[in-house]
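The next block holds one structure in the form of structure tokens; read it before the comments.
The values are calculated or read from the model by the stated rules, or taken from the named source; none is laboratory data. On a predicted model such as this, the values are computed, not experimentally measured, just so you know. Because the Cβ atoms are built from the backbone with ideal geometry, glycine has one as well, and the counts that use them run over all protein chains shown. Heavy atoms of the whole protein, side chains included, go into the accessibility calculation; ligands, DNA and RNA do not. Shrake-Rupley method; radii C 1.70, N 1.55, O 1.52, S 1.80 Å.
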Amino acid sequence: MPNFISKLIILTKRNKVKSFFFILTCSYLLFCQSCMTMRMSKKETKSFFASTKTKYIEDSKKIEEYNIHYVETGNKNASTLFFVHGSPGSWDAYKEYLKDTLLLSKYRLIAIDRIGFGFSNFGKATNLKTQAAIIEKFVGLISNGKPLYLIGHSMGGPVIVQMAVDKPQLYKQLIILSGAIDPKAEEPENWRAIIKVKPIRYIIPGALRTSNDELYWLKEDLFLMKPQLKKITSKITIIHGTKDQLVPFSNVAFMRREFVNAKSLEIIPIENANHFIPWEHFDLIRDVLFKLE
């Protein structure tokens, strides 16, 4: 009898351990599906703009099977600053710009959630060509007939470049912030293929999964885009940190060589700056945007 009781106690303890790890695993998978969304709720957005009494519009536009969520501030009849975030991210990467009094005095400002992020078909990744094509149609829906400036950070850089390749006549100027444009500067990162495979992909939290998917395709997308860069005829401003460890500064030299038909090309290197220049060098970038003509 003592041996039976001892075995029963051991079995019970083992079952408790198994149950604990089962619950822990399920909880983590639930966390992966529902957390790390990297987006502001409508309530948070309302509170953010209320703090500075900034009037804003938050809405979505239906384009094919996609819903493009966006936030708009400023003068609806003015030229438009159109912000495209990196990977991962959402419109709120540019929230400080959308409430800046200088920019509000001169422009209409729109920041979107790219496909797969924020509230734009969250979790559904698309390649660069599709991403740009859908945003181009969105631009057509919100156009007010005034000049439109595209601002893209990181992954947002190649998105706006692809847009300018597709519709070179539509955009007055591109402002590329730490943009990943050179396909040869992209590391192979073979590990991305591994974590794309089921069921491993489901252990990657929220927006990071979408980010992994689109960055996995990026190198090939950039090679496909490269021969078409000569189509761009807009003005271009490139702002890049010289110590960017995520998107190498060598991208700047590549763009200088490839943007041969740009109406003008301005390069603003930020000495010793890293990848996060939209936030760490806000004043510099805001001043560049304010002086656009």
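Quick one: what pairs do we get from the stretch 270-293, first residue more than 21 Å from V247 (Cα to Cα) and touching a residue at least 40 places away in the same chain (Cβ under 8 Å), second open to solvent by 50 Å² or more (accessible area, probe 1.4 Å) and in a loop (DSSP other than H, G, I, E, B), C-beta under 7 Å, 6+ apart or different chains?
Between residues of the stretch 270-293 that are more than 21 Å from V247 (Cα to Cα) and touching a residue at least 40 places away in the same chain (Cβ under 8 Å) and residues that are open to solvent by 50 Å² or more (accessible area, probe 1.4 Å) and in a loop (DSSP other than H, G, I, E, B), the close pairs are F290/K106.
Pick from K230, K235: which is open to solvent by 70 Å² or more (accessible area, probe 1.4 Å) and either touching a residue at least 24 places away in the same chain (Cβ under 8 Å) or under 24 Å from L98 (Cα atoms) (or both)?
Sole residue among the options that is open to solvent by 70 Å² or more (accessible area, probe 1.4 Å) and either touching a residue at least 24 places away in the same chain (Cβ under 8 Å) or under 24 Å from L98 (Cα atoms) (or both): K230.
Here is a yes/no grid of residues against (1) part of a loop (DSSP other than H, G, I, E, B); (2) modelled with pLDDT of 60 or more; (3) among the hydrophobic types (A, V, I, L, M, F, W, C):
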{"site": "K16", "(1), (2), (3)": "no, no, no"}
{"site": "S19", "(1), (2), (3)": "no, no, no"}
{"site": "S27", "(1), (2), (3)": "no, no, no"}
{"site": "T45", "(1), (2), (3)": "no, yes, no"}
{"site": "F48", "(1), (2), (3)": "no, yes, yes"}
{"site": "D59", "(1), (2), (3)": "no, yes, no"}
{"site": "H69", "(1), (2), (3)": "no, yes, no"}
{"site": "F83", "(1), (2), (3)": "no, yes, yes"}
{"site": "P88", "(1), (2), (3)": "yes, yes, no"}
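Within the stretch 121-133, does at least one residue satisfy the condition of being touching a strand residue (DSSP E or B) at 6+ places or on another chain (Cβ under 6 Å) and outside any strand (DSSP E or B)?
yes
Return only the number of the condition from (1) part of a helix (DSSP H, G or I); (2) touching a His at 6+ places or on another chain (Cβ under 9 Å) that D244 does not satisfy.
Against the list (1) part of a helix (DSSP H, G or I); (2) touching a His at 6+ places or on another chain (Cβ under 9 Å), D244 comes up short only on (1).
Tally the residues that are among the charged types (D, E, K, R), more than 17 Å from D113 (Cβ to Cβ) and surrounded by 15 or more Cβ atoms within 10 Å (Cβ to Cβ), restricting the search to the stretch 45-82. So that I can check it myself, show each step before the final result.
Taking the stretch 45-82 as the starting set, the residues that turn out to be among the charged types (D, E, K, R) are 46, 53, 55, 58-59, 61-62, 64-65, 72, 76.
Cutting the leftovers down to more than 17 Å from D113 (Cβ to Cβ) gives us 53, 55, 76.
Applying the additional criterion that residues be surrounded by 15 or more Cβ atoms within 10 Å (Cβ to Cβ) yields none.
The qualifying residues number 0.
Are any residues in the stretch 93-104 open to solvent by 30 Å² or more (accessible area, probe 1.4 Å) and within 17 Å of I277 (Cβ to Cβ), and if so, which ones?
First, pick out the residues of the stretch 93-104 that are open to solvent by 30 Å² or more (accessible area, probe 1.4 Å): 95-96, 99, 101-102, 104.
Of everything in the stretch 93-104, those that are open to solvent by 30 Å² or more (accessible area, probe 1.4 Å) and within 17 Å of I277 (Cβ to Cβ) turn out to be K95, E96.
State whether one or more residues within the stretch 202-211 are on the phi < 0 side of the Ramachandran plot, hydrophobic (A, V, I, L, M, F, W, C), modelled with pLDDT of 90 or more and open to solvent by 40 Å² or more (accessible area, probe 1.4 Å).
Checked the stretch 202-211: no residue is on the phi < 0 side of the Ramachandran plot, hydrophobic (A, V, I, L, M, F, W, C), modelled with pLDDT of 90 or more and open to solvent by 40 Å² or more (accessible area, probe 1.4 Å).
Go through the stretch 112-146 and count every residue that is more than 28 Å from N77 (Cβ to Cβ) and among the aliphatic types (A, V, I, L, M).
Step one: of the stretch 112-146, the residues more than 28 Å from N77 (Cβ to Cβ) are 115-117, 121-131.
Now restrict to residues that are among the aliphatic types (A, V, I, L, M): 115, 125, 128.
The total comes to 3.
Right, A125: modelled with pLDDT under 95 and within 13 Å of the chain's Cα centre (by Cα) or not? Steps first, please.
Details: modelled with pLDDT under 95: yes; within 13 Å of the chain's Cα centre (by Cα): yes.
Spelling it out, A125 is indeed modelled with pLDDT under 95 and within 13 Å of the chain's Cα centre (by Cα).
Going by the conditions given, is K137 open to solvent by 10 Å² or more (accessible area, probe 1.4 Å), in contact with a Leu (Cβ under 7 Å, 6 or more places away or on another chain) and touching a residue at least 60 places away in the same chain (Cβ under 8 Å)? It would help to see each step written out before you state the result.
On the way: open to solvent by 10 Å² or more (accessible area, probe 1.4 Å): yes; in contact with a Leu (Cβ under 7 Å, 6 or more places away or on another chain): no; touching a residue at least 60 places away in the same chain (Cβ under 8 Å): yes.
No; evaluated as a whole, the condition is false for this residue.
Test each condition in (1) in a helix (DSSP H, G or I); (2) farther than 23 Å from K231 by Cβ for Q162 and report the one that comes out false.
Every listed condition holds for Q162 apart from (2).
Please go through the stretch 253-272 and give me each residue that is in a strand (DSSP E or B), of a type in the set (A, V, I, L, M, F, W, C) and under 23 Å from the mean Cα position of the chain (by Cα), ordered by number.
Our first condition is that a residue be in a strand (DSSP E or B); within the stretch 253-272, this holds for 264-270.
Then drop every residue that is not of a type in the set (A, V, I, L, M, F, W, C), which leaves 265, 267-268, 270.
Within the stretch 253-272, I267, I268, I270 meet the criteria.
Among L292, L284, which is the only one that is open to solvent by 60 Å² or more (accessible area, probe 1.4 Å), within 25 Å of L98 (Cα to Cα), in contact with a strand residue (DSSP E or B) (Cβ under 9 Å, 6 or more places away or on another chain) and modelled with pLDDT of 95 or more?
Among L292, L284, only L284 is open to solvent by 60 Å² or more (accessible area, probe 1.4 Å), within 25 Å of L98 (Cα to Cα), in contact with a strand residue (DSSP E or B) (Cβ under 9 Å, 6 or more places away or on another chain) and modelled with pLDDT of 95 or more.
Can you tell me which condition F223 does not meet? The list is (1) among the aromatic types (F, W, Y); (2) crowded, with 17+ Cβ neighbours inside 10 Å; (3) modelled with pLDDT of 95 or more, and all the others hold.
The number of the failed condition is (2).
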